[in-house]
Structure formats: structure tokens, C-alpha cells
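No value in this document is a laboratory result; all are computed from the given coordinates. Predicted, not measured: the structure shown is a model, and the values here were computed from it. Please note: Cβ atoms are built from the backbone with ideal geometry, for glycine as well, and neighbour counts cover all protein chains shown.
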Amino acid sequence: MSGEAKRSAPSLALGEVGEGMPTHVAIIMDGNGRWAAQRGLPRFEGHRRGVEAIRRAVRTAGDLGIQYLTVYSFSAENWRRPAQEVSDLMGLLKRFVRHDLAELHSNNIRVRIIGEREGLASDIRMLLDEAEQLTKSNTGLTLVIAFNYGGRQEIVSAVRALARKVKDGLLDPAEIDMDTVAAALDTRGIPDPDLVIRTSGEQRVSNFLTWQTAYSEFVFLPCFWPDFDEATFRAAIDEYCRRDRRFGGLSARAG
Amino acid sequence: MVADRRSSLPSSPKPAPSKELTTRILSALVMIAAALLTAYWGGWPFALFWLAAGIAILLEWTGMTGVEPRRPVQGILALGLAVLTGLFLMDAGMGLFVAAGLFFLVAGVLVARGGTNRIWSASGFLYAALIVLVPPIVRDHLDLGILGLLWMFAVVWATDIAAYFTGRSLGGPKLCPPISPKKTWSGFIGGIVAAAAAGLLVAWGGERYGLSLPFGLLGITILSVIASVASQLGDLGESALKRHCDVKDSSHLIPGHGGVMDRLDGFWAVCLIVATVLLTIHFTA
């Protein structure tokens, strides 16, 4: 058993970087509240431990040679949660960026934020802008933080932007193709995710990267997000590597 | 009366607990329960609990040191503590925080009459502000959280209890007779040992719940020892202040304990250590 683990770990770290490895992994970080409830701890502790799990995931993604890591941290739907919970989550993201930005920057990590900025408190907006500006020219892992993000909302604002261009005579409707739409999304310049991981056993997409996940592989893990560690991450990648991705054709690998 | 009972204690094999000790233990239990429940709850109940403690300390401090004009200074500084709590709950930035703190500090100093009053007013505000802010900051801190807070409680409580009982049962040379005639070296060391054990126990219990502190076991032991020493120095410092002001208790708010300051002097010193560590990390990172 342990021999098998030893054999598979180096193969991931060495042989498969770049080849079968996903370029972009997106994670739906679910289960912080349930993790805390299961232990009788305050909900906030679950979120706090969730931040530690993000740090671990960023580290592991870097070790594995993944180029893009998207974390879905606070969705547009989360606003319907109780006010205390929303403020905890917001405060947490704020603290994560404030606390870890310098370290992310020194690790050559580029931060991108996707999601609605309108309607966020001005201090949070400033913090998100600062994170993007500071790390703009970093060349390592790109950490995409989905904050106040909704896939449909993103498509709607892209449509609105394109319609405005058409109205102003800058764009011919006949010229709109998939690339035009993709370039109008928050994720412009970021390749579509190869792998989407969702923790806590839920098997839904929940309005996450609706356009971008058309051909993504999904791996659902039973563990709650705070328990997500290097071993779970590697197991999910292993699962992904076993899959035969066809992109609608017969076999992408054969062709 | 209390003294009579105490003198009979060593000779009797199974001593009946004195009435003073019973009251002391009962009110300690009530306070421990309140501290733990609000810590679990978090948010504004927790922040208000420590605001209340801070305001009580402020009133005791200014009362003990005889700051004049008493009520206006107390009013301004208590309002200042409430504003700081409000800013914390609104998650305001560091700049606004420091600005508000300085504003009320200066206002208090300006209203107080004469040099000595001004010093006592400013130091009382800073003393109280630390107790108001550090516990909520620790609970919300990314790397500390509720476990960090429990560690602070455990270390202080273990120090207090162990120092009291080892000092009483072992006796021996006095720690610092001019300030505190009853404290002994055996109590001091007993407190340190118990604090290290309690700190490790919290870390071990935290691991079982999936929580951990960003220090190894050795780090936790060292920090617990430092915190225990700080806690006992805080206790001595407060005794020295009371001696200076010629009072026995900072007030009589807590049955069997005296004032809030008497009860939180050790915890205050641990808050100071934690605040120093956090600020150092903040400005060196």
C-alpha cells in the first residue's frame, strides 16, 4: 500500500507535469460551516480553517506545476445567508488578502479576481484592486479568486458589454463568435478549467464558471473544505489523469 | 474571621473550605462561563463583554489613582473604548483605528487637570483599550482563532490556580515581599509548570478538533512559560499600583475577588505579550 503511494507520488511530481496534468484547476470550496458544526465549533472557525486550506491548495498547485488555480470563495448567492455569516465571509477574504498578499507576491503568484465589483464596500474593492495591481507582472501560478461571482451574472454582463458595442457601431453582430464572448467574460485570457473539484459531497455546479466549464472534468470529494490537503488534491488529480477527455470528439488523446 | 479560619487550615487534616474561598470559586466559575460562552458566540456579544470589562477597568483605574475631574475624564475615555469596539465590529482599517484611539486619548489628557492626572488618564485608557481589543482580535485572527483565545485563558487560569495552591501548600521563600507579602517562589514556579501543561493541553485538544496553532509543541511550551511569567508580573504590577494608591482592591465589583482589574491583571499582561507579537509580525512581514 505504502509502496504504491511512493510510486505514484513521484510520477505525479515529475513525469506528468505538463503532459497529462491539468493546466487550470478550479475548486468549489464547500463545507466550512458543516465542518465546524460537526465539531461543535463556531461557524467562523470553519471559515478560518478554510483559509488555511486555500493556502495549502495554493502551495500544492505550485508544487504540481499547475498554472491556474481558481477558488470559488463567495458567490453572488451567498448574500442570502444571514448578515453575520456574510460579514464573517467578507471579513475573512479581506483578512486573507491583507494577510497573505505580501507572501503570494513574494512567491511570484499572480492574483486575479473574478465576479461583480459593483455593490461591494469600497474598502474591499480597493483591496481587490490592490491585489491585482501588485501581482500583475508575476509569472508563477495565477490564483483566480471568484468573489461575489455568479456564472450567469458574468454572462449577462458580457452580453450587456457586447450589446453596447453593437449599439455604438463598434461591433458587427455577425462577427460575434465564441472567442468574442469569452473575451468579454471576467476570465478573459485564462484558459478554461480542465478540472473542477467540489468538496463536501455536493454534486452541483452552483452557477460556477457556467461558460468556461463546458468541457471540464468534475471530481466530487466527500471531505469538507477545511480537510482538503495535499493528499486529497493529489488524489483528485490522479482521478483526473485516469479520465479520457474527448472534448466531444472520439478521443482527444488519440488525435 | 477569615484569618481565623486560615490559621486553623494547616493543622486540620481535611480542612473545610473557607467562606471566602467558596465565594471566590463561585464567582470565578460564573466569570469563566461568561468568558467561554461569549468567546464561543463571537461577534458583538463577545466584543461587548470585553468592552464592559475594559470600561470597568477604566473606572477602577481612574478611581484608584484619583484622576480629576473624575466623571468627565471617565466619560470621554469610556466613549473612546466604545468607539474602538464599534470600529472593530465594522472592520474599519488600521488608520481609522489609530486615529480614533489617539483622538480620545488626547481628549482625556486635555480634560484631566495637571500632569499626574494626565499621565494616569492616558495610561488608564491604554491599559483598558488593550483588554477591550486583544481578545476579539485574537478570535478573528486567521492564524489564532478561538484556539488562540482558549490558550490565553488556559495559561492565565492555570497560572492563577496553581500559583495559589502550590504557594499555599509548599510555602517557602517569598517572591517579592515589599509588593505582595503572600506570594512565594514555589507558587511562581508551580504557576509556570501548570501553565505549560495547560498550554500543551489546549494544543492537544485543538488537534483533536482539527484546530491547530501555528507553533510546534516546543513553541507552545515556551510561549506558555513566557505568558505565565507575564501573567504573574502583571499581577505583581497591579499589586504595586494598588500599594501606590493605598487601596486593597481595585473595587468590589466581583464577590470574593475585588475588582475587575484584580481579576484581569494577569490576563492583561498576556494580552500585552500577544499584541506585541502580532504587531511585530505585522510590521516585519
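Comparing B:Ala195, B:Ala82, B:Ala34 in a Gaussian network model of chain B where C-alpha atoms under 10 Å apart are linked, the largest mean-square fluctuation is found at B:Ala34. 3J(HN,Hα) along the range A:29-37, derived from phi through the Karplus expression 6.51 cos²θ - 1.76 cosθ + 1.60 where θ = phi - 60°, amounts to 8, 10, x, 4, x, 5, 4, 5, 4 Hz, with x in place of Gly and Pro. With helices as the sole contributors, chain A gives -14500 deg cm²/dmol at 222 nm; each DSSP H run of n ≥ 4 counts as -39500 (n - 2.57), and the sum is divided by every residue. Mean-square fluctuations from a GNM of chain B, with a 10 angstrom spring cutoff on Cα atoms, peak among B:Lys183, B:Lys242, B:Lys19 at B:Lys19.
From the square roots a ≥ b ≥ c of the eigenvalues of the alpha-carbon gyration tensor of the protein assembly as shown, which class results: rounded (a/c under 1.5), prolate (a/b over b/c), or oblate? Since a/c reaches 1.5 and a/b is larger than b/c, the shape of the protein assembly as shown is classed as prolate. Among B:Asp265, B:Asp249, B:Asp140, a tally of other beta-carbon atoms within 10 Å of each Cβ gives an order, fewest to most, of B:Asp249, B:Asp140, B:Asp265.
Only Lys, Arg, Asp and Glu count, each charged at its Cβ (+1, +1, -1, -1), so figure out the dipole size of the range B:19-140 about its Cα centre, rounded to 20 debye.
I would put it at about 280 debye.
Mean projection of the alpha-carbon convex hull of the range B:143-246 over all orientations, in nm²? Averaged projected hull area, Cα only: 7.0 nm². I need the shape label for chain B. Rule: rounded when a/c is under 1.5, else prolate if a/b > b/c, else oblate, with a, b, c from the alpha carbon gyration tensor. It is oblate, given that a/c is not under 1.5 and a/b is not larger than b/c. Consider all pairwise Cα distances in the range B:19-140 and report the whole-number % of them above 26 Å. For the range B:19-140, the fraction of Cα-Cα distances above 26 Å is 28 percent.
Per-residue shielding of A:119-129, expressed as the average number of other chain Cβ atoms within 10 Å of the residue Cβ, stands at 1.
Between B:Ile189, B:Gly172, B:Val156, the Cα set farthest toward the positive side of the dipole of the range B:143-246 (charges on each charged residue's Cβ, about the Cα centre) is that of B:Gly172. In chain B, what is the count of Lys pairs whose alpha carbons are under 16 Å apart, counting only pairs at least 8 residues apart or on separate chains? The result is 6. Projecting the Cα atoms of B:Phe103, B:Leu89, B:Gly63 onto the dipole axis of the protein assembly as shown, where Lys and Arg carry +1 and Asp and Glu carry -1 at the beta carbon, places B:Gly63 farthest toward the positive end. Pick from A:Arg242, A:Arg98, A:Arg56: which residue has the top mean-square fluctuation in a GNM of chain A where Cα pairs under 10 Å get a spring? Checking each option, the largest mean-square fluctuation is seen for A:Arg242. The 3J(HN,Hα) values that the Karplus relation (6.51, -1.76, 1.60; θ = phi - 60°) gives for the range A:193-210 are, in residue order, x, 7, 9, 10, 10, 10, 8, 6, x, 6, 10, 9, 8, 6, 6, 9, 6, 4 Hz. Gly and Pro appear as x. Going by a ≥ b ≥ c, the root eigenvalues of the Cα gyration tensor, does chain A fall in the rounded group (a/c under 1.5), the prolate group (a/b larger than b/c) or the oblate group? Here chain A falls in the oblate category.
Each DSSP beta bridge with both residues in the protein assembly as shown is either parallel or antiparallel, and the antiparallel ones are about 10%. Annotation: amide H-H contacts under 5 Å for B:Leu175 (H modelled 1.01 Å from N, sequence separation of 5 or more, or interchain): B:Lys183, B:Thr184, B:Trp185. First select every other residue whose beta carbon is under 11 angstrom from the beta carbon of A:Asp194; then total the charges, Lys and Arg +1, Asp and Glu -1. Neighbour charge sum, excluding A:Asp194 itself: 0. Close amide H partners of A:Ile27, meaning residues 5 or more places away or on another chain with modelled amide H under 5 Å apart, are A:Thr70, A:Val71, A:Tyr72, A:Ile197.
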